[in-house]
Amino acid sequence: MTFQADLPSISGHRILVTGGAGFIGRNIASALVADNEVRILDNLSTGSRSNVPEGATLIEGDIRDDDALDRATADVDIIFHHAALISVEASIRDPERTHDVNVTGTVKLLERARDESARFVFASSAAVYGHPDTVPIPEDAPTEPTSPYGLSKLAAEQYVRLYADLYDLSAVVLRYFNVYGPGQLDGDYSAVISVFVDQAANGDPITVEGDGSQTRDFVHIDDVVQANLLAAASEDAGVFNVGTGESVSILELAEIVRDVIGSDSQIVHTESRSGDIDRSRANVSKLESDLGFEPSVPLENGLETLSGQR
Ligand code: NAD
């Protein structure tokens, strides 16, 4: 099942997707592989070989490795940079490693993009905002990340901006909110969805942390692919939120999942997680007006794509 809005046509290009063996990258690679030469640079630390779409070339290596970068970036026209350490918890345990992969790795890719005059699309995160003062969150809201992960994304974004200013690099930053869809890994962003779907499907109690009033903007992977293709096809620079512009509370999410699955699981409350962000919702008007984005997958429909795979 696909819900995609009209996607811009991108064809005849040599394209690199870093992190293309992971959840988001593989969906971008899949959307492009029929009409382009697609390479994936991935060290398979969380991604897997089976995610590499047929027709794409996997270069198994680290984004900080010069030989791997030589092979991955030769004569490339567009780089979608998605490889990263994405665990907030791991970043709190090991800030240095997170910085190394997410910041130094991005600078190395920016250097290659500069050499090749490639269009650069950078996967950033709503984690750059920390605890927002107001929702929906516009792109010019204060950025006060609460983890080394969020800070690494903000630092990498600033490098992207500086390369655009200093070296005229054609580059764009996409700040994803909570991306979900088939094939997502358990992680910080949308793991709650997989957990609820499993609990509802098994008839187990659905466990909501705290009172469930925390809100999130869950954006379906098809819409994230849409945003990436629009960003690559345009010459726009700058920073764009990628979400739906709508939010749902975790308690509402539990109820929707239960309905979609047709389960009679009870909803129970467990202890709340300390430091959790209370409210999150993207203002996506810039993405809509400048790039022509239209969120196309309502949450209920998106959840059906997940329940179908179980
Ligand atoms: P993922 O873990 O599924 O994908 C990341 C990929 O990068 C994996 O395949 C992994 O093997 C690879 N990788 C990690 N370190 C590497 C390295 N040093 N060299 C080469 N490859 C490496 O995560 P995802 O959810 O697909 O996230 C993709 C990007 O989107 C990340 O940059 C992440 O920060 C960003 N993002 C994701 C979400 C979300 O909701 N999933 C939200 C905001 C931002």
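Values as computed for the structure displayed
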item	result
Subset tally (residues that are within 16 Å of the ligand (Cβ to nearest atom) and at pLDDT below 95) for the range 2-20	0
Residue that is farthest from Ile79 (Cα to Cα), among those in the range 21-66 that are within 9 Å of the ligand (Cβ to nearest atom) and among the aliphatic types (A, V, I, L, M)	Leu44
The range 235-258, residues that are over 18 Å from Phe293 (Cα atoms) and not polar (S, T, N, Q)	Val248, Ile250, Leu251, Glu252, Leu253, Ala254, Glu255, Ile256, Val257, Arg258
Filtered residues of the range 212-235 (kept if buried (at least 21 other Cβ atoms within 10 Å of the Cβ), more than 12 Å from the chain's Cα centre (by Cα) and not in a helix (DSSP H, G or I))	Gln214, Arg216, Asp217
Thr18 being of a type in the set (Ser, Thr, Tyr) and crowded, with 20+ Cβ neighbours inside 10 Å	yes
Matching residues in the range 196-211 - criterion: being aliphatic (A, V, I, L, M) and surrounded by fewer than 18 Cβ atoms within 10 Å (Cβ to Cβ)	Ala201
Neighbours by Cβ (under 7 Å, 6+ apart or cross-chain): first from the range 14-28, among the basic types (Lys, Arg); second part of a strand (DSSP E or B) and more than 8 Å from the ligand (Cβ to nearest atom)	Arg14/Glu37
Hits in the range 129-171 (condition: under 22 Å from Leu291 (Cβ atoms), touching a helix residue (DSSP H, G or I) at 6+ places or on another chain (Cβ under 8 Å), acidic (Asp, Glu) and not in a helix (DSSP H, G or I))	Glu139
Odd one out for Val239 among (1) at pLDDT 95 or above; (2) crowded, with 22+ Cβ neighbours inside 10 Å; (3) within 14 Å of the ligand (Cβ to nearest atom)	(2)
Some residue of the range 184-203 being part of a helix (DSSP H, G or I) and under 14 Å from the mean Cα position of the chain (by Cα)	yes
The range 160-201 - residue that is more than 16 Å from the ligand (Cβ to nearest atom) and free of Cβ contacts under 8 Å to residues at least 12 places away in the same chain and, of those, farthest from Asn27 (Cα to Cα)	Leu166
Matching helices (runs of 4 or more DSSP H) fully within the range 50-119 where at least 3 residues are buried (at least 16 other Cβ atoms within 10 Å of the Cβ) and at pLDDT 95 or above	66-73, 105-116
Matching option when the condition is charged (D, E, K, R), exposed (fewer than 15 other Cβ atoms within 10 Å of the Cβ) and modelled with pLDDT of 95 or more, among Glu294, Glu271	Glu294
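The values are calculated or read from the model by the stated rules, or taken from the named source; none is laboratory data. Please read all numbers here as calculations on a predicted model, not as lab measurements. In this analysis, Cβ positions are derived from the backbone assuming ideal geometry, glycine residues included, and neighbour counts consider all displayed protein chains.
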